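The values are calculated or read from the model by the stated rules, or taken from the named source; none is laboratory data. Just so we're clear, the structure is a prediction, and the values are computed from it rather than from any experiment. Note: ideal-geometry Cβ built from the backbone for every residue, glycine included; neighbour counts use all protein chains shown.
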Amino acid sequence: MSYLHWSSDLDTGIDVIDKQHRRIVDYLNELNSANSAGDQAVTNHVLGELVDYTLTHFAFEEELQERANYPFLKAHKRVHEIFTKRIAEFQRRAAAGENVAPELLSMLRIWLVNHIKGDDADYAPSVKKTLNLEGTVDKTGGWLGSALKKFFG
């Protein structure tokens, strides 16, 4: 059973970002499953992967915004920084043996949905315009292809 279902109201209209957001939702569902099974080792492993992927996504997203000259990039970066600090605290507690998954899952579900529908929806028009102007909507080439390779291998 899924903990969080993807719905079309979470789409930004930027395919590459929507795919990354869907992967984060998949990680949340994996984290929920591991926690429900009571497997602390798997829970901590998935938590680590979720955090690594999310931080990479943030860096990619910020580079897209910078490329698009998004006027609120600094504020968006600050939201990411605050979130990253909160997650680091959860990781510290998990490393100390605490089961943080239930609290973390609750916080992540609320934060992710609000962040996508609010902060990410705000930058989408600027980024879409830039990607279309540069002809890089096709992720196989151009700047977007290079950025994807840089961040995600």
Cβ pairs under 9 Å, 6+ apart or interchain, first in the stretch 54-67 and under 16 Å from ILE82 (Cβ atoms), second surrounded by fewer than 18 Cβ atoms within 10 Å (Cβ to Cβ) and of a type in the set (Ser, Thr, Tyr), ordered by first then second residue, are THR54/THR84; LEU55/THR84; PHE58/THR84
Got at least one residue in the stretch 130-139 being among the acidic types (Asp, Glu), under 17 Å from GLU66 (Cβ atoms) and modelled with pLDDT under 90? yes
If I go through the stretch 67-89 residue by residue, how many of them are in contact with a Ser or Thr (Cβ under 6 Å, 6 or more places away or on another chain) and among the β-branched types (Val, Ile, Thr)? 0
Of the residues GLU66, GLU61, which single one is at pLDDT 90 or above and farther than 15 Å from GLN20 by Cβ? GLU66
Kindly list the number of the only condition in (1) surrounded by fewer than 17 Cβ atoms within 10 Å (Cβ to Cβ); (2) at pLDDT 85 or above; (3) touching a His at 6+ places or on another chain (Cβ under 9 Å); (4) within 16 Å of VAL51 (Cα to Cα) that fails for PHE151. (2)
Of those in the stretch 15-40 that are among the small types (Gly, Ala, Ser) and surrounded by fewer than 15 Cβ atoms within 10 Å (Cβ to Cβ), the residue modelled with the lowest pLDDT is GLY38
When residues of the stretch 72-81 are filtered for being of a type outside the set (Lys, Arg) and over 18 Å from LYS117 (Cα atoms), how many remain? 1
Members of the stretch 75-104 that are surrounded by fewer than 18 Cβ atoms within 10 Å (Cβ to Cβ) and touching a residue at least 60 places away in the same chain (Cβ under 8 Å): ASN99, PRO102
